[in-house]
Every structure is written in structure tokens, then in C-alpha cells.
Amino acid sequence: MKRVFSGVQPTGNIHLGNYLGALKQFVELQQDHECIYCIVDEHAITVPQDPKELRKHILDVAALYLAIGIDPKKSIIFVQSQVSGHAELGWVLCCNSYTGELSRMTQFKAKSGGQESVGTGLLTYPVLMAADILLYDTDVVPVGNDQKQHIELARDIAIRVNNKYGKTFVVPDGRFMKAGARIMALDDPEQKMSKSAENVHSRISLLDEDSKIKKSIMRATTDCDGEFRFDPVNKPGVSNLLNIYSALSGKTVEEILAEQNWRGYGDLKKELVAVTQEALAPIKQNYNEIRESDELKNILRDGAERANAIAQPVMKRVRDKFGLGLG
Ligand code: ATP
Ligand code: LTN
């Protein structure tokens with residue numbers, strides 16, 4: 001069985017982009033893969049976090065993992081900082097990566113742009129991500145399109161170390177959804193839907209009330225030619241709505257367009273409101289039951305133990321290859 005690893009940051013507001021780009025794949029992959037799903041709290045602190053909020057968000061993401069259908073009997077769910085190998089391997093990989101390649105990462109450029117002093121963690125963040133992946137001999141990494149460059153870097157570092165020290169790491173592959181890989185902001189379809197955007201109507205969070213879902217979709221930016229066409233370059237707003245519709249319903253955009261009898265964008269939006277509310281209702285219901293249960297922390301503790309059991313032999317292999325410690 002191939003091994004899958006992915007991670008989500010516990011930074012609040014898990015939205016439709018996170019779900020359709022990454023989380024939905026997590027559930028599907030469980031059927032025929034050995035899956036490890038991490039809550040990457042060490043990534044979250046690359047920017048300042050309120051400690052109380054961070055702890056809360058860790059459990060929020062854990063509850064969401066379970067609510068969307070990740071089964072802790074089949075898959076490992078755990079918190080990154082509970083397995084020390086992530087930080088340890090992160091350092092070893094830092095010593096095998098270059099500031100040049102890290103400063104070329106588009107996410108780093110976007111997050112550091114305009115700042116006088118930039119945190120080192122923002123620069124080395126993709127190296128920690130590479131460590132997350134390589135620590136488990138991962139074959140497949142399901143993520144959204146925005147992570148493509150980081151996956152490439154993880155592959156480059158793995159190949160570099162293998163060439164220098166002999167076969168040490170499995171070289172992983174990214175896995176991207178057809179319809180959901182890049183969900184755009186509802187208010188500005190040129191930007192990706194993001195947790196941190198100021199306008200709450202730019203995104204739909206998985207736990208949004210029905211009334212909020214309706215408001216955000218009904219006021220989504222479209223265009224004024226009135227045509228129903230999938231054309232992300234010239235009609236990014238309408239195309240984004242069609243994309244979300246397709247990813248949530250499982251129908252292709254062609255099927256949706258062939259079946260529709262909308263009179264205007266308002267009709268498309270109304271239909272999408274219903275589809276979204278229906279898709280999120282069971283997740284919300286599951287979430288509310290799970291979030292307060294005592295079981296949640298036990299699942300994470302058990303997950304960390306199982307993750308550590310896989311990580312330790314890989315760390316031993318790394319120490320042996322590099323000549324670290326006493327052997
Ligand atoms: P955000 O940009 O929303 O703040 P993030 O990418 O910084 O989120 P994560 O929570 O770690 O942080 O992302 C979890 C997963 O969601 C990743 O695989 C990422 O690629 C994916 N993802 C994030 N935004 C989108 C989007 N707009 N469309 C598709 N996938 C996305
Ligand atoms: N960098 C990712 C989150 C992340 C991740 C990972 C994804 C951290 N470590 C390992 C896949 C595999 C993000 O910001 N979305």
C-alpha cells in the first residue's frame with residue numbers, strides 16, 4: 001500500500017478551498033492507502049499566534065478531520081509538535097538546502113514582500129514541510145495547487161540527499177484535484193480563497209451558518225456579459241462558481257452547463273447556495289458532536305504514538321547516513 005502524508009495549519013477558518021483542494025482527497029485516499037494526516041502547529045508559528053487560540057485551533061482542525069470522514073482506525077491523525085522528528089529532520093534538511101532556492105518560493109515572496117525584517121521561519125518553512133513529508137517515507141502528498149512549488153522543493157532535497165549520502169529518502173509525488181485544486185476568493189476571483197483575507201465574504205468556512213453561505217455566494221463577484229461559460233481567464237468569477245459547483249456535486253462543468261436553465265447569474269448562485277448548504281450540513285453536524293468529546297485528545301495521542309513509530313526508524317537511517325551521534 002502506498003503511503004500518503006498531508007498537513008493542515010491550525011490557523012482557523014478552514015474553508016471551501018482547503019476542503020475541495022486538499023481535505024476531500026484525504027477521505028478518498030483512505031480506502032486504498034496508508035494515510036497520515038498532520039495538524040502542522042510548528043508551521044503555524046512562522047507568523048505570530050496567540051497561544052490560547054493556537055491550542056483551540058489544533059482541536060478544531062482535529063474535529064474537522066473526523067467530521068469530514070477521516071477514520072482514526074484507518075488513518076493516523078496527530079499534531080506535528082508531538083513528534084520530535086519533524087523539527088529534528090527539519091534542521092538536517094536546512095543544512096542541505098540553499099537560501100537562493102528558498103527565497104525564490106512564491107509564497108515566501110508574497111508573505112515577506114514589503115517587510116523590513118523577515119522571520120527566518122518564513123524562509124525555512126518549506127524545508128520543515130519537506131521534513132514532514134520525508135520523515136514518513138511518503139509516496140503521495142495530496143494538496144492544493146498553491147503547494148506545488150513546495151512539493152517540488154521536497155523532491156529536490158530528497159534527490160540531493162540521496163545523491164550525496166546514498167538512498168535515504170523516498171521521493172514523493174504531489175496529488176492535485178481536477179476541480180478543486182485552486183478555489184478563488186468570492187469577492188476577488190483573481191486571488192485564491194484564503195483563511196486570512198479580511199473580508200469574511202471572500203470565503204466560505206466549513207462551519208458557516210446557512211445564512212452566511214447564502215450571503216457570501218449571492219454577493220460573489222461575477223461579470224456583466226451574462227453568458228454561462230467556463231473561462232477562468234476572461235470570466236474568473238463565474239468560472240470559480242462553476243468550479244465550486246462541480247467539485248461539490250461531483251458533476252463535470254460540462255454536465256452542469258448542459259443541464260442548466262438559468263435566466264441569469266442569480267439563478268446559478270441560488271443553485272450553488274443549495275448545493276453548498278447540503279454538502280456542509282453533515283460536516284457541521286458531525287463537528288459539533290465531536291469537538292466537545294473527550295475522545296479527541298486520545299485520538300491525537302494515539303496518532304502521535306503511531307506516527308512516531310514510523311518516524312523513528314527513518315530518523316535512525318538519517319543519523320546513520322550523516323554520521324550523527326554515536327551509532
Ligand atoms: P490559506 O491560504 O487559506 O490561509 P494555507 O494554504 O495557508 O491556507 P493550510 O490550512 O495548511 O494553509 O492549507 C491546507 C490545504 O489547503 C493545503 O493543501 C493547501 O494547498 C490547500 N488550499 C489552501 N487554499 C486553497 C484554495 N484556495 N484552493 C485549493 N486548495 C487550497
Ligand atoms: N505548507 C502547507 C501545509 C503543510 C503540508 C505539510 C502539506 C505543512 N506540512 C506536509 C502537505 C504535506 C500549507 O501551507 N498549506
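The values are calculated or read from the model by the stated rules, or taken from the named source; none is laboratory data. Predicted model only: the values in this text are computed from it and were never measured. A quick note on method: Cβ atoms are made from the backbone with ideal geometry, for glycine too, and the neighbour counts reach across all protein chains shown. Heavy atoms of the whole protein, side chains included, go into the accessibility calculation; ligands, DNA and RNA do not. Shrake-Rupley method; radii C 1.70, N 1.55, O 1.52, S 1.80 Å.
Here are some notes:
- Net charge over other residues, Cβ less than 14 angstrom from the Cβ of Asp302 (K, R count +1; D, E count -1): +1
- The value of relative contact order for the chain, using C-alpha pairs under 8 Å at least six residues apart, is 23 percent.
- Estimated from the Cβ-Cβ distance and a Förster radius of 51 angstrom, the FRET efficiency linking Val200 and Leu326 is about 0.40.
- Cβ-Cβ FRET estimate between Asp267 and Asn288, R0 fixed at 35 Å, reported to 0.05: 0.65
- Under 22 Å of direct C-alpha separation, and excluding same-chain neighbours fewer than eight residues apart, Lys52 reaches these lysines: Lys195, Lys297.
- Share of carbon and sulfur in the accessible heavy-atom surface of the chain [1.4 Å probe, %]: 50 percent
- For His15, nonlocal amide neighbours, meaning residues 5 or more places apart or on other chains whose placed amide H falls under 5 Å from its own, are Leu206.
- Here the Karplus curve 6.51 cos²θ - 1.76 cosθ + 1.60, taken at θ = phi - 60°, turns the phi angles of segment 310-327 into couplings of 7, 6, 4, x, 5, 4, 4, 4, 5, 4, 5, 5, 8, x, 7, x, 9, x Hz, with x standing for Gly and Pro.
- Hz values of 3J(HN,Hα) by residue in segment 161-174 - Karplus curve (6.51, -1.76, 1.60), Gly and Pro given as x: 5, 4, 5, 7, 10, x, 3, 10, 10, 7, 8, x, 10, x
- Prolate/oblate/rounded call for the chain, Cα gyration tensor, a/c under 1.5 rounded: prolate
- Listed by chain and number, the lysines whose C-alpha is less than 18 Å from the C-alpha of Lys321, apart from same-chain residues fewer than 8 away, are Lys164, Lys167.
- Segment 185-255 and segment 22-76 have Cα centres separated by 24 Å.
- Under-5 Å amide H pairs with Gly7, H placed in peptide plane, nonlocal only: Cys38
- Ranked packing of 270-278, 255-263, most packed first, by mean Cβ within 10 Å: 270-278, 255-263
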